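The values are calculated or read from the model by the stated rules, or taken from the named source; none is laboratory data. Fair warning: this is a prediction, and the values are worked out from it, not measured in the lab. Every residue, glycine as well, gets a Cβ built from its backbone with ideal geometry; the counts of neighbours run over all protein chains shown.
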Amino acid sequence: VATVDDLALSAVVDRLDHGVWLLDPNDGTVLQHNAGAAAQIGAPATDLTGLRLPDLVVPHLSVDGWRLLTQQVPCSGAHRVDVAMTRHDGSAVPVGLTLSNVEATLPPPGAVGQRGSASVIVAVTVDLSAQAAANERAAGEHELLDRALDAVADGVAVIGRDGRVEQANETFTILVDLPHEQLVDRSVFDPPWSWLDADGAHVHPEATPPAHTMRTGERSSATLLLPGTGRTRAAHEHVPAEVSCVPVTDLRGAPNGAVLVVQDRSEVRSWQERHDRMASTDPLTGLATRAYITDHLTQVLAAASGSDELRVGVLHVDLDDFRSINDTFGTTFGDAVLAAVADRLRDLSDRHVQLGRVSVDEFLVVLQGAEASLAFDTRLRRLGEEIQRRTEQPLLIDGLELRLTASVGISRFPANARDAAELVRAADTALTAARREGGRHQLRFYERSLDERTRTGLALDRDLRRAAAQRTLEVHYQPIIDLRSGEVAAAEALVRWHHPEHGPIPPSVFIPTAEATGAISAISDMVVTTVAEDVATWNVENLLPPGARIAINISATEFEQRGFVDRLASTLDNAGVSPSRLELEITETLLMRDMETTAARLTQLDELGFLVALDDFGTGYSSLSYLHTLPLHTLKVDRCFVTELGDGRSETITRAILSLAQGLGIGTVGEGVETDEQRRFLLDAGCDLVQGFFYAPPLPREAFERFLRDHVAAPHVTLRAV
Ligand code: C2E
Ligand code: CA
Ligand code: CA
């Protein structure tokens, strides 16, 4: 109630000549006092807190006497008694003691007890011996008050005995949106500003706190709105305000106007509103929050648990590679993307479907149904696919066209979980597994067997990120040999991880996990940096044969990240290495995903001087159609063809691929050459380069450098096959 007791007024209070005391209602212990109080009893600016006011009064008030006095203090209004107070020097000073009972927020600990709203007694002591002098000073005090008032954060108006505004501070003029001169002398019974209620309806001035206080001599307060007048804000821009009015008495205690305090609550209110809505609605997307959707799920499950027919499904939807949108375009843009995605999904929710955003780019969808489990699964799948379809429509934001993809993990109740938490976790597990196995645009149902895989996956992921950050991953180099000259034409950089507990873990185990979890970026950064540094060293030492290049494997998820090319280029730039020294190995899967974007990016790389190789050719959706449209430099024939070369069909295919590439002017690498037979076949079929254990396994840097030296010195000598 008592906003006037707030700190805002304490500045004013401190300048008053009157003694103002906050007292414990029980025994009159001083909780707080102003400077005037100390001055009155001639105490140096001492802290009087802890003393009992009844002890300072002559005649001494007993505890019972105090109680009697204070119990008579009405809830509002004030008591006044004339007493004497003992001054510090032993003399007595006659004072008018006014007691009133207010609800106040106590100051923080240190000063008094704990903070909290409590009923306290406010005592105002007026030095009666100084009455005449006080009267004289009144004018000067007015000026002082003016200045004090302007320093106050709240709007304060001093209302005279006749109900007219005598004084108003600047905040007050802002809140009522009227200049000072239009306020002074205007009556609070017919003010130049209007008061509105919470619904925006006009409130009659008679029904407002200042009128009430002026009529009854009681303090009063209300929450009202103040519309603008067009001076600093428009009429529809209402400022919610806590309006309080306290009566003022003259030195004899007779009513002498009031102080009107208007506190701007717009911050508080909009915070409250936001807070209320926030509990259930995500402010960015307007979708339900995690708290809300989880709560909803719990309720739905409670209903379903009591029934044999009801089924509940949870879809965990995650935008693929959203992070790179934020990284590249900034979070404001990212937010716009999320809001747009939410707009597309919003109307999926109905009586049976609830939709919520649970983290930056993740959504949780709860579906209820009563059909047979197979039919329900079908509905879940359809819903998941519909969400993917809607999410993957091109988005136009700030003139930029974006194509997103989404992955979905699905879990079902009662089949996969007993409670909401388990069900949500199961959907998440399915999502992670889907990502790990397939990358983007995945949809997968939860199965129990995924749990174990996920657990190990999570631990690995954590260790892997750490290893990449600390650069404890190693890069090995496998030489790639020119079949005809026997010289080292290139080398493939292959990452190696020696786990502190589990020992060496092959990339075929951790790379797919890293792709699913995003740790691949850290790995890739580390590999590229290491290779760039090594190449720079080799350049200085003249170790790499002219034209030789280092091939780096680029995961699809990495390749598709915005900013990937820039990062790559700048890393090389920092190391002072030319892009033509690098060959990026990408896989066919990438070409199948988003041909347009991939083609554009390949062209960009090509223009920057990077070489691009198509890795593992023949394993994926092998399509030869794009070979001549894309700027590819090299085709790497997958190891499985080479391994199965004894098989006639494999030989035919391999020959076909090699001659096609030759016809298109694309270089070829035969992978996994382990025997001399394989080498000879490939040479005969027109393959350019080979790589495999027959020549050398992937070698640690020092071993690879030795290998290079030997070959530069005498290319043919160390080659077993030639
Ligand atoms: P990949 O790109 O096909 O790499 C060639 C793989 O064949 C390497 O396996 C290499 O050690 C192995 N290899 C080479 N010659 C022979 C041979 O004669 N016989 C047999 N049996 N194998 C041979 P590795 O190092 O285990 O890598 C496996 C896969 O992991 C790579 O397949 C690549 O897809 C991925 N990978 C490795 N390093 C990286 C990296 O730094 N980044 C990314 N994104 N992926 C990587
Ligand atoms: Ca490769
Ligand atoms: Ca390969």
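Points to keep in mind about this one:
- Residue 646 surrounded by fewer than 18 Cβ atoms within 10 Å (Cβ to Cβ), more than 53 Å from the chain's Cα centre (by Cα), more than 15 Å from ligand 1 (Cβ to nearest atom) and on the phi > 0 side of the Ramachandran plot: no
- None of 552, 520, 505, 481 is over 22 Å from residue 571 (Cα atoms), surrounded by 23 or more Cβ atoms within 10 Å (Cβ to Cβ) and hydrophobic (A, V, I, L, M, F, W, C) except 481.
- Screening the stretch 319-339 for residues that are in contact (Cβ under 8 Å) with a residue 24 or more places away in the chain and not in a helix (DSSP H, G or I) and picking the one that is farthest from residue 408 (Cα to Cα) gives 321.
- Residue 533 part of a helix (DSSP H, G or I), modelled with pLDDT under 90 and more than 11 Å from ligand 1 (Cβ to nearest atom): no
- Residue within the stretch 631-643 that is closer than 24 Å to residue 550 by Cβ, part of a loop (DSSP other than H, G, I, E, B), within 14 Å of ligand 3 (Cβ to nearest atom) and without any contact (Cβ under 8 Å) to a residue 60 or more places away in the chain present: yes
- When the residues of the stretch 510-530 are filtered to those that are under 14 Å from residue 473 (Cα atoms) and β-branched (Val, Ile, Thr), the one that is farthest from ligand 1 (Cβ to nearest atom) is 529.
- Selected residue [away from ligand 2 (no atom under 16 Å from the Cβ) and either basic (Lys, Arg) or out of contact with any helix residue (DSSP H, G or I) (no Cβ under 7 Å at 6 or more places or on another chain) (or both)] from 679, 639: 679
Yes/no per residue for (1) at pLDDT 80 or above; (2) surrounded by fewer than 19 Cβ atoms within 10 Å (Cβ to Cβ); (3) closer than 30 Å to residue 155 by Cα:
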{"site": "5", "(1), (2), (3)": "no, no, yes"}
{"site": "55", "(1), (2), (3)": "yes, yes, no"}
{"site": "80", "(1), (2), (3)": "no, yes, yes"}
{"site": "86", "(1), (2), (3)": "yes, yes, no"}
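- Filter result for residue 488 (within 28 Å of residue 324 (Cα to Cα) and either in contact with an Asp or Glu (Cβ under 8 Å, 6 or more places away or on another chain) or within 9 Å of ligand 1 (Cβ to nearest atom) (or both)): no
- Yes/no for residue 473 being over 35 Å from the mean Cα position of the chain (by Cα) and more than 15 Å from ligand 2 (Cβ to nearest atom): no
- Restricting the stretch 195-232 to residues that are within 36 Å of the chain's Cα centre (by Cα) and part of a loop (DSSP other than H, G, I, E, B), the residue that is surrounded by the fewest Cβ atoms within 10 Å (Cβ to Cβ): 199
- Answer from 161, 147 - the residue that is within 26 Å of residue 213 (Cα to Cα), at pLDDT 60 or above and not in a loop (DSSP other than H, G, I, E, B): 147
- Subset tally (residues that are without any contact (Cβ under 8 Å) to a residue 60 or more places away in the chain, within 16 Å of ligand 1 (Cβ to nearest atom) and not in a strand (DSSP E or B)) for the stretch 581-597: 3
- Looking only at residues in the stretch 664-697 that are more than 9 Å from ligand 1 (Cβ to nearest atom) and closer than 21 Å to residue 475 by Cα, the one that is surrounded by the fewest Cβ atoms within 10 Å (Cβ to Cβ) is 690.
- Every test in (1) modelled with pLDDT of 90 or more; (2) not in a helix (DSSP H, G or I) is passed by residue 283 save one, and that test is (1).
- Of all residue pairs spaced 6 or more apart or on separate chains, those with beta-carbon atoms under 8 Å, a first member in the stretch 436-453 that is under 15 Å from residue 424 (Cα atoms) and touching a residue at least 40 places away in the same chain (Cβ under 8 Å) and a second member that is polar (S, T, N, Q) and crowded, with 21+ Cβ neighbours inside 10 Å are 445/411.
- Test for residue 360: is it surrounded by 15 or more Cβ atoms within 10 Å (Cβ to Cβ) and under 22 Å from residue 304 (Cβ atoms): no
- Within the stretch 541-570, the residues that satisfy the criterion of being away from ligand 1 (no atom under 14 Å from the Cβ) and within 34 Å of the chain's Cα centre (by Cα) are 562, 563, 565, 566, 567, 569, 570.
- Close pairs (6 angstrom Cβ cut-off, 6 or more residues apart or separate chains): within 16 Å of ligand 2 (Cβ to nearest atom) in the stretch 540-555, acidic (Asp, Glu) anywhere: 549/583; 551/492; 551/583; 551/585; 553/585; 555/515
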